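Here's the structure, in structure tokens; my notes come after.
The values are calculated or read from the model by the stated rules, or taken from the named source; none is laboratory data. Since the structure is predicted, the reported quantities are computational estimates derived from the model, not experimental observations. Here Cβ is always computed from backbone atoms with ideal geometry, including for glycine, and neighbour counts include all displayed protein chains. Only protein heavy atoms, including side chains, enter the accessible area calculation; ligands, DNA and RNA are left aside. Shrake-Rupley method; radii C 1.70, N 1.55, O 1.52, S 1.80 Å.
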Amino acid sequence: MTRITPPRPVDIEALFPALAGFRRTATRLHPRPGGPSAQDSSVAGPMLWPADEPWPVCTAVHPKGTGYRMADVRRARLIDADSQGRDKTDEERQALAGLQRATHAPEIRDEDPVPLLAIAQLWARDIPDLRGPEGYDLLQVFWCPFEAHGPDQSVEVVLKWRRGADTRGTLSEQPEPAVVGRPECVPERCVVHPEQITEHEYIDLLPADLRDAIDAWQEDLLDEGEGEDEDDDPFGIEYGSALSLAPGWKVGGFATWHATDPRPVDCRTCGTPMPPLLTVHHVEWDPASASWAPEEDRRPDLYRHVITPTKVYLGRGYMRIHTCPTNPWHPHQLSFQ
Ligand SMILES: [Zn+2]
Ligand SMILES: [Zn+2]
């Protein structure tokens, strides 16, 4: 089933034509729990991976045996899903209490290599905004599920670009670590429903005169709305949440900097500003950004499947992987909000 984002409540570019210079497309992934094949674009695999090629591993030195068992993460999610809409039974509560953080694998030393987690497999044929090295049409994203890496003390992301036509064979069983740092580092397996949409630059990164004009327009709207029907949603036309940036997992587009001031993300090799390639968001939308909910998902019975389909929560909700537009082989960087 396709997913279609409704038109924005206001055509902001018609009101502010200068915004045309700050427009970019993004492909919303619309991940939903499901059973993709190794040939499909997906979240959490299965990856199209040659059986004779080594699976990527984390070789950084950090504790790898303390955290949550992968099996326990899955068990806890099943119990949560089964008990949706009712109180948990004593048995379920007891089971959940047993699925806790501990040193589950004392035999794994800090320097031992552990398999990375499969995070996403993205085909350019499905995702128009996926732009990689010339001739490479398949991106596989992995991370080490311990927040022990780099200055942000975050997961360690590894990108693998492939030529899809040259990639054969599939592992019967995908390697994965036995223990992870946090359940929220583990994506739920999802099919994706890519949809290209249009975004506009984050407000504080627009030229000052344009930003001020949009701010003034918004303030006028809020003033007009005051005292009227309290069901009127002031977020419904807010530039940041409703008009410029789509929530949820997406490829391309712009980055939000609502939690901090904007921080430049420039390539450390050549200095080129690096746009986000993949945005990982803990929800597909929230009350402020509800206008982005696809028509197909606006059903209360679907809520649990569509709001947090991947179960991933990194940073304060957002993790972005930025790549260099000049040379996609230059090292990527992460940013968080
Ligand atoms: Zn690691
Ligand atoms: Zn570069």
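A few notes on this one:
- Every pair of residues 6+ apart whose Cβ atoms lie under 8 Å, when the first sits in the range 40-66 and is touching a residue at least 12 places away in the same chain (Cβ under 8 Å) and closer than 16 Å to residue 141 by Cα while the second is acidic (Asp, Glu) and open to solvent by 30 Å² or more (accessible area, probe 1.4 Å): 41/126; 43/188; 44/188; 58/156
- Residue that is modelled with the lowest pLDDT [pool: residues in the range 58-84 that are in a loop (DSSP other than H, G, I, E, B) and surrounded by fewer than 18 Cβ atoms within 10 Å (Cβ to Cβ)]: 84
- Note on the range 258-286: residues that are farther than 26 Å from residue 185 by Cβ and outside any loop (DSSP other than H, G, I, E, B) amount to 2.
Residue-by-condition table, conditions (1) within 16 Å of ligand 1 (Cβ to nearest atom); (2) more than 22 Å from residue 239 (Cβ to Cβ); (3) among the aliphatic types (A, V, I, L, M); (4) surrounded by fewer than 14 Cβ atoms within 10 Å (Cβ to Cβ):
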| site | (1), (2), (3), (4) |
| --- | --- |
| 287 | no, no, no, yes |
| 292 | no, no, no, no |
| 313 | no, yes, no, no |
| 322 | no, yes, no, no |
| 330 | no, yes, no, no |
| 334 | yes, yes, yes, no |
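- Subset tally (residues that are at pLDDT below 95 and open to solvent by 50 Å² or more (accessible area, probe 1.4 Å)) for the range 154-173: 6
- Total residues in the range 118-130 satisfying the condition of being within 17 Å of the chain's Cα centre (by Cα) and among the charged types (D, E, K, R): the figure is 2.
- Selection count where residues are open to solvent by 10 Å² or more (accessible area, probe 1.4 Å), touching a residue at least 60 places away in the same chain (Cβ under 8 Å) and away from ligand 2 (no atom under 16 Å from the Cβ), scope the range 256-279: 7
- Qualifying residue in the range 147-164 (condition: in contact with a Ser or Thr (Cβ under 9 Å, 6 or more places away or on another chain), farther than 21 Å from residue 192 by Cα and either among the hydrophobic types (A, V, I, L, M, F, W, C) or within 16 Å of ligand 2 (Cβ to nearest atom) (or both)): yes
- Filtering the range 196-209 for residues that are open to solvent by less than 20 Å² (accessible area, probe 1.4 Å), modelled with pLDDT of 95 or more and within 16 Å of ligand 1 (Cβ to nearest atom) leaves an empty set.
- Of the residues making up the range 218-254, those that are modelled with pLDDT of 80 or more, on the phi > 0 side of the Ramachandran plot and assigned to a loop (DSSP other than H, G, I, E, B) are 248, 253.
- Residue 125 vs. criteria closer than 30 Å to residue 41 by Cα and in a loop (DSSP other than H, G, I, E, B): yes
- Failed item in (1) more than 15 Å from the chain's Cα centre (by Cα); (2) open to solvent by 50 Å² or more (accessible area, probe 1.4 Å); (3) under 24 Å from residue 294 (Cα atoms), with residue 10 passing the rest: (2)
- Where residue 326 falls short, out of the listed (1) part of a helix (DSSP H, G or I); (2) within 16 Å of ligand 2 (Cβ to nearest atom): (1)
- For the range 299-311, the set of residues classified as part of a loop (DSSP other than H, G, I, E, B), within 19 Å of the chain's Cα centre (by Cα) and either surrounded by fewer than 21 Cβ atoms within 10 Å (Cβ to Cβ) or not assigned by TED's automatic domain parsing to the domain that holds residue 264 (or both) consists of 308, 311, listed by residue number.
- Subset of the range 43-67 [touching a Gly at 6+ places or on another chain (Cβ under 8 Å) and small (Gly, Ala, Ser)]: 51, 67
- Contacts under 9 angstrom Cβ, first residue in the range 153-173 being part of a loop (DSSP other than H, G, I, E, B), partner of a type in the set (S, T, N, Q), 6 or more apart: 170/37; 170/39
- Some residue of the range 96-105 being surrounded by 15 or more Cβ atoms within 10 Å (Cβ to Cβ), in a strand (DSSP E or B) and of a type in the set (Ser, Thr, Tyr): no
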